[in-house]
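In what follows, a single structure is set out as structure tokens and then discussed.
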């Protein structure tokens, strides 16, 4: 269970930043993979997340979710 908690904590910080801290979003439809968001972190600092980072976060969240589900069904 501790390994699952650690995995959740790793993705939760960035997920929460993206879900609750968006200040600006930008995308240029003429240039591939240029979309990004700027989020305000809990310490007031701005953090930029590119579309590739957001996609990677989504994949990591899905991996963690599947790992937890597999662990629950196996145990």
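The values are calculated or read from the model by the stated rules, or taken from the named source; none is laboratory data. The structure displayed is predicted, hence computed values, not measured ones. A quick note on method: Cβ atoms are made from the backbone with ideal geometry, for glycine too, and the neighbour counts reach across all protein chains shown.
Being part of a strand (DSSP E or B), in contact (Cβ under 8 Å) with a residue 12 or more places away in the chain and exposed (fewer than 11 other Cβ atoms within 10 Å of the Cβ), is that true of even one residue in segment 38-60?
No, the conditions are met nowhere in segment 38-60.
So in segment 1-30, with the set limited to residues that are part of a loop (DSSP other than H, G, I, E, B) and modelled with pLDDT of 90 or more, which one is surrounded by the fewest Cβ atoms within 10 Å (Cβ to Cβ)?
30
Mind listing whichever residues of segment 44-75 are out of contact with any strand residue (DSSP E or B) (no Cβ under 8 Å at 6 or more places or on another chain), over 17 Å from residue 15 (Cβ atoms) and at pLDDT 90 or above?
Within segment 44-75, 44, 45 meet the criteria.
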